[in-house]
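The values are calculated or read from the model by the stated rules, or taken from the named source; none is laboratory data. Keep in mind that what you see is a predicted model, and the values were worked out from it rather than measured. Neighbour counts are summed over all protein chains in view; Cβ atoms, including those assigned to glycine, are modelled from backbone coordinates with ideal geometry.
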Amino acid sequence: MNILGAGIFKGLGVTLKNFVGSYFDKERLTTNDYSWRPDDKLPQSVGEYPKEEGEQLSDTTTVTNYSRNFPMLLHDGGEPMDTVRCVACKICERECPPQCIYIEKDYDENGKHIKRPAVFDIDVSVCMSCQICVEVCPFDAIVMNSQFELSTPNRFGGLLLRRDDLLKSNDYYHQIHPEEAAARDQQMAEAKAAKEAKKKAAAEAAKKKAEEKAKAEAEAKAREVAEDKTEDTE
Amino acid sequence: MSLDLIKDILIATVPLLVIFPSLFAFTTWLERKTLARIQNRIGPNKVGIPCTRISLFGLGQPAADGIKMLFKEDIVPNGADRLFHLLAPILALIPAMLVLCFLPLEFPWSKLMSAKSGVQAFLLDGAVIFFFAITGLNTLAIFMAGWASRNKYSLLGGMRAIAQMVSYEIPLVLSAVVVVMSVGSLNAADIAKAQEGWNWFVLTPWGLVAFIIFFIAALAETNRSPFDLPEAESELIAGYFTEYSGFKFALFFLGEYISMFAISGLAVVLFLGGGAGPGVAAFPWIAVVWFLAKIFGLILVMIWLRGTLPRLRVDQLMAFAWKFLLPLSILNILVAGFARFIPQDSLFPKVVVWLVSFGVLYAAAWGLNKLNRADVKPREYKYAE
């Protein structure tokens, strides 16, 4: 026989446990309190995401389960726009299902196309994190980022990420997704090696062909010379 | 009317009009914070002193909400009855404020400022009766709001409110009757005085049962969860105040919280010893502090229950009032009467009387619970073959 009203007290116990627990166990809280931060700026990336007051910004570079994945542009270190992998081929722009990518090519003063984007915008309020841009990119230039804090005080265009917001170094990629980045680097190295080998083979083949041609020509010439001699003797 | 009388009236009523609305502001903050913590959130923590970064745990939030409410547009629906639409929130607030006067609160400054010793708003002999009579007006205001809005949700909310409040008023009054019987007075101050020295009624078996019934019925009377059917936001948008915005909405909100204070205050008077507590003999003004502390204790329990319990269904609500609370409270009156008048000598020592009455009441509650539980059978589909 149950005590009358025992269920209510059990429920009250559960809520009491949550009430008290939320003061002592920071992991329980589903939201993060930034009221202690000196300015109103919210953390912008995983690397800038401290959980508690006094914690160093660089201490929390791991990707949390609560992060959201939106694309970023990779560069190979140094000055971002010098080493950016993107060539503004616009394949991702065409393939993007919700059409959240906008690209403009970059031109030098002579009107010649430089292989890099002048404008590269991703509207993350539209992006559905489908990764199709990552799949289709032939240059491994666009990969998925992991960001926790995406809220912004600006409701007009605050979620439109510009080219310079999207540019991230390959080292950062290694930091947030080590295995994936290593696999991608290896794949790229293999592809590069294969390409070089092919190039080498092609060059060798061409050289061989040229040699053969030269030999044949020399033979023909020799034969001609011999024929001339015979003619002379007649 | 002499000048002294007017002065006395002001001394007695102005504190009620100042203290309780400010406590209302604090309670909204407390409720939001507590519910947030129950749901593992933080709750309001940003608004503090304006133009500074001092947030004071978000204690400025009620003020900010109040200013927001004042500046909001006051919308009256096209087909609404404009007069009654305006009148309803005012009528909801008036009885709530009025019943505060019946609480035996003696603020310390009233003794200093008045010629008489200790001014109190209404030292009425029939305070408890008047309390229930005036609380009943609240039902009218709520139905007026529902009817005048000319909105289906509002009307449904108003109808639910009528059914609920009329049903729960009966157990509410019947559980108070137990205390009135034991003391033999309807005067709130007398009732509080009778409980001095830890003779609180909640510490007797019939008093405990009456307190539980009173508290449940009070939850229903003030439309608090789990009895918030008239304003069930998942079913009726906001029930009877769906069509209210701006300051009229704030008045409803204020009225609701003030009636929470009032009915908690009555519970404190009837069952929890009024202002009784340690230190009252040495410093009489501590009684007010104890009184308000007990009210806040009850309100915290209300918030806690709101964070815990899901809303009842309409049929469950009515069945609970008529089939469980009503018979139990009538039986409780009988038990209290027997316990009061049985000769407490060696034949029936106090302990035996208490144990027997507690046993009878518990058995009755258990039996009523069993009787009310319908047998759950697998569902039969008669016409689906």
Within segment B:293-330, can you find the residues that are more than 14 Å from chain A (Cβ to nearest Cβ) and crowded, with 18+ Cβ neighbours inside 10 Å? B:294, B:295, B:298, B:299, B:317, B:321, B:326, B:329
If you take just the helices (runs of 4 or more DSSP H) that sit entirely in segment B:275-385, which of them hold at least 3 residues that are touching a Leu at 6+ places or on another chain (Cβ under 7 Å) and closer than 30 Å to residue B:39 by Cα? B:286-308
Among the residues that make up segment B:37-45, is at least one of them within 14 Å of chain A (Cβ to nearest Cβ), out of contact with any strand residue (DSSP E or B) (no Cβ under 6 Å at 6 or more places or on another chain) and among the charged types (D, E, K, R)? yes
For residue A:192, state whether it is outside the structural domain of residue A:92 (by TED's automatic domain parsing), at pLDDT below 90 and basic (Lys, Arg). yes
Among the residues that make up segment A:104-119, is at least one of them among the hydrophobic types (A, V, I, L, M, F, W, C), under 19 Å from residue A:74 (Cβ atoms) and within 16 Å of the chain's Cα centre (by Cα)? no
Give all pairs with beta carbons closer than 8 Å in which a residue from segment B:73-93 that is touching a residue at least 24 places away in the same chain (Cβ under 8 Å) meets a residue that is among the hydroxyl-bearing types (Ser, Thr, Tyr) and surrounded by fewer than 18 Cβ atoms within 10 Å (Cβ to Cβ); count only pairs at least 6 apart in sequence or on separate chains. B:73/B:245; B:74/B:245; B:75/B:245
Within segment B:138-152, can you find the residues that are surrounded by 19 or more Cβ atoms within 10 Å (Cβ to Cβ) and either aromatic (Phe, Trp, Tyr) or assigned to a helix (DSSP H, G or I) (or both)? B:138, B:139, B:141, B:142, B:143, B:144, B:145, B:146, B:147, B:148
Looking only at segment B:20-36, filter to residues that are among the aromatic types (Phe, Trp, Tyr) and closer than 24 Å to residue B:98 by Cβ; which one of those is nearest to the other protein chains (Cβ to nearest Cβ)? B:26
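Each row is one residue, and each column tells you yes or no for (1) surrounded by fewer than 12 Cβ atoms within 10 Å (Cβ to Cβ); (2) farther than 26 Å from residue A:195 by Cα; (3) touching a residue at least 24 places away in the same chain (Cβ under 8 Å); (4) among the charged types (D, E, K, R).
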{"residue": "A:87", "(1), (2), (3), (4)": "no, no, yes, no"}
{"residue": "A:122", "(1), (2), (3), (4)": "no, yes, yes, no"}
{"residue": "A:129", "(1), (2), (3), (4)": "yes, yes, yes, no"}
{"residue": "A:145", "(1), (2), (3), (4)": "no, yes, yes, no"}
{"residue": "A:160", "(1), (2), (3), (4)": "no, yes, yes, no"}
{"residue": "A:164", "(1), (2), (3), (4)": "yes, yes, yes, yes"}
{"residue": "A:173", "(1), (2), (3), (4)": "no, no, yes, no"}
Considering (1) surrounded by fewer than 16 Cβ atoms within 10 Å (Cβ to Cβ); (2) touching a residue at least 60 places away in the same chain (Cβ under 8 Å); (3) within 14 Å of chain A (Cβ to nearest Cβ); (4) not acidic (Asp, Glu), say which one residue B:17 fails and leave the rest. (3)
Which of (1) assigned to a helix (DSSP H, G or I); (2) in contact (Cβ under 8 Å) with a residue 12 or more places away in the chain; (3) closer than 28 Å to residue B:339 by Cα is the odd one out, the single condition residue B:190 does not satisfy? (2)
Only one of these conditions is not met by residue B:198: (1) among the aromatic types (Phe, Trp, Tyr); (2) modelled with pLDDT of 85 or more; (3) surrounded by fewer than 24 Cβ atoms within 10 Å (Cβ to Cβ). Which number is it? (2)
Of B:271, B:211, B:247, B:252, which residue is touching a residue at least 24 places away in the same chain (Cβ under 8 Å), crowded, with 24+ Cβ neighbours inside 10 Å and not aliphatic (A, V, I, L, M)? B:271
